[in-house]
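Reading through the structure tokens given below for one structure.
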Amino acid sequence: MLNKLNPWKSQNQPSSLRDRKIQIKSQEVPSHIAIIMDGNGRWAKKRSLPRVAGHHEGMKVVRKITRLANELGVRTLTLYAFSTENWKRPKMEVDFLMKLPEEFLGSFLPELVEENVRVTMMGNTEQLPAHTLNAVKKAMDDTKENTGLVLNFALNYGSRVEILQAVKQVLNDCENGTLDKENLNEEVFSSYLMTSELEDPDLLIRTSGEIRLSNFMLWQLAYTEFFFTEVLWPDFSEEHFVEAVEVFQGRQRRFGGV
């Protein structure tokens, strides 16, 4: 049987989607795509389900979109999984969200290893429960030698905190002589951020109709192309992801030039 029904391969999909993916891969594919996965709670509410049901359904979409990004040749996929502001949510919901990495990575990790995907994380780890952090660390350790798609989770991440921490470290390095302030430029400052080993995103996708950044990668998104959609994250499909990439490929990026 062709490809032995490898779950990472797109079998039995509509020819139109296959053709669109072939066309996408014939052009410049965004190297780094970042996604604000919004609308899980509203998806659940529309169905008279608890909010956690939406988060669980959204986890399935992460799996599907990771596979597709890998197939299209995206080099980095950053997912806004939990913000520094999300601790304000009800305890039951927060506890559930902190268990999702264990469930997701526990079942998905073998495929990530097989498909050469490397798991990384950005965010402050101090507040994370041990079981959450252990699950993420195991995934990072098991995939650290992989050289394919980087699946980067923004977990307990907030861009303002990130920038402030970077500023403090820059000041410390200037004071102790490690850094000459005259040499401080955008490239040097970027090296102090949590994304120091990643390229800035080429494309940002935000679902659920909200049109804001919500404290996400404020420095890194300076020249990123934005794609907003009304679709709630649990309903976000391969077709929607392909559409976002197609829109990106149809834009002319000037980076401040003419």
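The values are calculated or read from the model by the stated rules, or taken from the named source; none is laboratory data. Just so you know, these numbers come straight off a predicted model, no measurement behind them. Neighbour counts are summed over all protein chains in view; Cβ atoms, including those assigned to glycine, are modelled from backbone coordinates with ideal geometry. Just so you know, the surface numbers come from the protein's heavy atoms only, side chains and all, with ligands and any DNA or RNA stripped out. Shrake-Rupley method; radii C 1.70, N 1.55, O 1.52, S 1.80 Å.
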If only one of 42, 47 is modelled with pLDDT of 95 or more, open to solvent by 60 Å² or more (accessible area, probe 1.4 Å) and under 29 Å from residue 221 (Cα atoms), which one is it? 42
Quick check: is even one residue across the stretch 214-231 open to solvent by less than 10 Å² (accessible area, probe 1.4 Å), over 27 Å from residue 190 (Cα atoms) and part of a loop (DSSP other than H, G, I, E, B)? no
Are any residues in the stretch 172-189 out of contact with any helix residue (DSSP H, G or I) (no Cβ under 7 Å at 6 or more places or on another chain) and surrounded by 16 or more Cβ atoms within 10 Å (Cβ to Cβ), and if so, which ones? 173
Would you mind stating whether residue 81 is touching a Lys or Arg at 6+ places or on another chain (Cβ under 6 Å) and at pLDDT 95 or above? no
Failed item in (1) open to solvent by 80 Å² or more (accessible area, probe 1.4 Å); (2) touching a Leu at 6+ places or on another chain (Cβ under 6 Å), with residue 35 passing the rest: (1)
For residue 169, are the conditions met, namely being in a loop (DSSP other than H, G, I, E, B), of a type in the set (S, T, N, Q), open to solvent by 30 Å² or more (accessible area, probe 1.4 Å) and on the phi < 0 side of the Ramachandran plot? no
Within the stretch 61-104, restricting attention to residues that are touching a residue at least 24 places away in the same chain (Cβ under 8 Å) and among the basic types (Lys, Arg), which residue is most open to solvent (accessible area, probe 1.4 Å)? 75
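This table checks each residue for (1) in contact with a helix residue (DSSP H, G or I) (Cβ under 8 Å, 6 or more places away or on another chain); (2) under 24 Å from residue 220 (Cβ atoms).
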{"position": "72", "(1), (2)": "yes, yes"}
{"position": "82", "(1), (2)": "yes, yes"}
{"position": "99", "(1), (2)": "yes, no"}
{"position": "110", "(1), (2)": "no, no"}
{"position": "113", "(1), (2)": "yes, no"}
